[in-house]
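The next block holds one structure in the form of structure tokens; read it before the comments.
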Amino acid sequence: GTDDIYKGANPDELMEFYKSLSSYTEFIGEVTHKEIAKIMPYAKALVLPYEPRYFIPVFDLVIAEALACGTPVLTIKTGATIEVLGMGKTRIGYTADTIEELKTAVKKINKLKFDYIACRRRAMDFDVKRIIRIWERKVL
């Protein structure tokens with residue numbers, strides 16, 4: 001469960017991150033899946049300031065949801081984010097080594113060129129039916 005990976009990030013630190021980028025980002029907070037589907041396609045990017053000392057995602061559904069909407073993801077390098085997005089600047093996102101590097105990437109969002117179609121294609125890699133078909137071909 002989430003208790004295994006969430007270690008109690010300081011909400012004040014998180015808000016400080018977003019405030020430091022307020023001229024570049026809009027903090028929306030927690031939303032429903034229906035709201036994600038309405039908001040995400042219009043976002044330039046989804047920014048996830050994972051701080052490995054607080055949060056180590058095994059797999060984060062919101063990353064796949066963003067990619068499915070054609071929205072690139074900017075985040076911190078963790079095992080899961082690297083596996084989904086790749087290392088550094090890729091066609092579908094950006095994984096930074098530090099929070100400061102992530103802030104710099106956000107500030108340069110208009111210069112970073114992403115492939116929105118590649119984002120959607122990558123999201124299809126996480127289609128449950130597709131994964132089952134691949135697994136069945138390899139195992140059965």
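The values are calculated or read from the model by the stated rules, or taken from the named source; none is laboratory data. This is a predicted model, so every value here is computed, not measured. Here the Cβ is made from the backbone with ideal geometry for all residues, glycine too, and neighbour counts use every protein chain on show. The accessibility values were calculated without ligands, DNA or RNA, using every heavy atom of the protein model including side chains. Shrake-Rupley method; radii C 1.70, N 1.55, O 1.52, S 1.80 Å.
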Fill in: Point-charge dipole on Cβ atoms (K/R +1, D/E -1) for the chain, about Cα centre, debye to 20
880 debye
Worksheet item: Reachable lysines from residue 44, Cα under 17 Å, same-chain residues fewer than 8 places away excluded?
Response: 89, 103, 107, 108, 111, 113
Discussion item. Suppose a student asked you for the relative contact order of region 70-138, using Cα pairs under 8 Å spaced at least 6 residues apart; what percent would you report?
Written reply: 31 percent
Fill in: Rg in Å to one decimal, and Dmax rounded to a whole Å, for the chain via C-alpha atoms
15.4, 53
Item to complete: Keeping all protein chains in place, calculate the accessible area per residue for the chain (probe 1.4 angstrom), answer in Å².
Response: 65 Å²
Worksheet item: Once you put a point 7 Å from the Cα of residue 97 and another 7 Å from the Cα of residue 82, both along the Cβ direction, what distance in nm separates them?
Response: 1.2 nm
Practice prompt. Roll a 1.4 angstrom probe over the protein heavy atoms and tell me the percent of accessible area of the chain that is carbon or sulfur.
Written response: 57 percent
Discussion item. Could you report the accessible area of residue 94 in Å², rounded to 10, computed with a 1.4 Å probe on the protein chains as they sit in the structure?
Written reply: 40 Å²
Worksheet item: Counting Lys and Arg as +1 and Asp and Glu as -1, what is the net charge of the other residues whose Cβ lies under 12 Å from the Cβ of residue 101?
Response: +3
